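Encoded as structure tokens, the structure appears first; notes follow it.
Only the coordinates and a few stated rules stand behind these numbers; no lab work does. What you see is a predicted model, and the numbers here were worked out from it, not measured in a lab. When we count neighbours, we look across all protein chains shown, and the Cβ atoms used for this are built from the backbone with ideal geometry, even at glycine.
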Amino acid sequence: MSETLLGVIIGGLIGSITPLTTLLFDHHRWKRQAKLEYLKSEHARLEGLFEKNLKQFAEGMAKNIYSLDMSSDIMVLMPKEVSERFLNFMGDKDKTQLKCKHAYMDLAVAMKEALAAKNAEIRKLLS
């Protein structure tokens, strides 16, 4: 009887390997897919924020009036690199036309770098 019981236990363990392996593989694939969807939605969100706020930033520089909505979006919702460049510009008391152009370019580059980083994360996940 003990040999039969031992055979059943060993057979059960061997038989459970395939379902457990499949379950772990499916969980890993689901987790990867969820991360990919999150990164894509985050990329789209940032792209929309960047487009809207860069336009408002240009209008603000032309009138020397910066929207609170735009400022709070940049400081809170955008990556640290973007907000630091914005705050550096806003802290400058002497905002000449040349400095404004440089700040606009600097902010646009920071935004594009953030989007490129998201794209790199997506590519890394896909490979």
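Does Leu23 count as over 28 Å from the mean Cα position of the chain (by Cα), more than 25 Å from Ala108 (Cβ to Cβ) and assigned to a helix (DSSP H, G or I)? Taking the combined requirement at face value, the residue satisfies it.
For region 64-92, a tally of residues being exposed (fewer than 11 other Cβ atoms within 10 Å of the Cβ) and touching a residue at least 12 places away in the same chain (Cβ under 8 Å) returns 1. Among the residues of region 59-80, just one is closer than 15 Å to Thr96 by Cα, out of contact with any Phe, Trp or Tyr (no Cβ under 9 Å at 6 or more places or on another chain), part of a helix (DSSP H, G or I) and among the hydrophobic types (A, V, I, L, M, F, W, C), namely Ala62. For Lys95, the conditions (1) part of a helix (DSSP H, G or I); (2) surrounded by 11 or more Cβ atoms within 10 Å (Cβ to Cβ) all hold with the exception of (1). Residue check: Lys35 meets all listed conditions (1) in contact (Cβ under 8 Å) with a residue 40 or more places away in the chain; (2) not in a helix (DSSP H, G or I) but one, namely (2). Considering only residues of region 100-119 that are surrounded by 14 or more Cβ atoms within 10 Å (Cβ to Cβ) and over 14 Å from Phe50 (Cβ atoms), which is farthest from the chain's Cα centre (by Cα)? Taking the candidates together, the pick is Cys100.
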